[in-house]
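Data first, discussion second: the structure below is written as structure tokens.
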Amino acid sequence: MAAVDPIDSAILGHLQRDARLTNRELARLVGVAPSTCLERVRSLRARGVITGYHAAVEPRALGRTLQALVFARLRPLSREVITSFESYLYELPEVVSVMVVSGDEDFVVHVAVPDIEHLHGFLMDRFSARREVVSFRSSMIYRRTATRTLTPMTGPDERGRRADP
């Protein structure tokens with residue numbers, strides 16, 4: 001894990017809330033010189049802490065008024081099958097995000113569609129059409145809260161126990 005100090009953590013918090021901040025404004029908010037801030041951001045990117053920048057988009061504003069989570073089980077379970085299915089999902093315009101998970105299901109897929117008829121068609125024509133999908137279920141999302149800004153975990157170590165002082 002890349003070490004993140006309080007200044008890096010502040011930079012990350014501000015960028016997660018507004019990635020369009022200029023370096024000068026970010027430096028002012030964090031309380032460091034612009035040159036220091038620029039070096040810190042470059043270092044965070046080089047270390048893989050910052051992986052990219054994006055615009056948050058409201059699905060309803062794009063006519064996608066229904067969102068759902070689709071849970072899928074695949075067989076035969078192999079790296080090749082998982083990779084192939086994951087690639088297939090990323091090509092579908094309804095798919096917002098894909099998670100490969102452990103447990104009863106192998107995938108959790110977040111979809112955003114115009115209505116229940118579109119969701120039904122997506123599940124019947126796209127999901128169940130895949131030979132490796134042996135079962136799936138869906139749950140509609142009634143409300144999604146804002147994504148939280150991530151900061152380094154403090155206190156418990158990686159195994160969930162309190163770190164020794």
³J(HN,Hα) computed for each position of region 99-116 - Karplus, 6.51 cos²θ - 1.76 cosθ + 1.60, integer Hz, glycine/proline x | 10, 8, 10, 9, x, 5, 9, 9, 9, 10, 10, 8, 10, 9, 9, x, 6, 5
Point-charge dipole on Cβ atoms (K/R +1, D/E -1) for the chain, about Cα centre, debye to 20 | 340
Among 77, 52, 63 the positive-end extreme of the charge dipole of region 36-78 (Cβ point charges) | 77
Region 1-147, relative contact order in percent, only Cα pairs under 8 angstrom and at least six apart counted = 24
With every protein chain present, what is the per residue accessible area of the chain (1.4 Å probe, Å²)?
-> 70
Work out from phi, with θ = phi - 60° and the Karplus expression 6.51 cos²θ - 1.76 cosθ + 1.60, the ³J(HN,Hα) of each residue of region 121-137, listed in order in whole Hz, and give x for Gly and Pro.
-> x, 4, 5, 6, 8, 9, 6, 6, 6, 7, 4, 6, 7, 9, 6, 7, 8
Using a simple spin-label model with points 7 Å from Cα along the Cα→Cβ vector, what separation in nm is obtained for residue 129 and residue 33?
-> 5.9
Carbon + sulfur, % of accessible area of the chain - ligands and nucleic acids excluded, 1.4 Å = 53
Pairing the Cα long axis of helix 6-17 with the longest principal axis of the chain, what angle in degrees results, from 0 to 90 and rounded to the nearest 10?
-> 40
Packing-wise, with mean Cβ within 10 Å as the measure, how do 42-55, 3-16 rank, highest first?
-> 3-16, 42-55
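The values are calculated or read from the model by the stated rules, or taken from the named source; none is laboratory data. A quick note: this is a predicted structure, and the numbers were derived from the prediction, not measured. Every residue, glycine as well, gets a Cβ built from its backbone with ideal geometry; the counts of neighbours run over all protein chains shown. When the accessible area is computed, the model is the full protein with side chains, heavy atoms only, and any ligands, DNA or RNA have been set aside. Shrake-Rupley method; radii C 1.70, N 1.55, O 1.52, S 1.80 Å.
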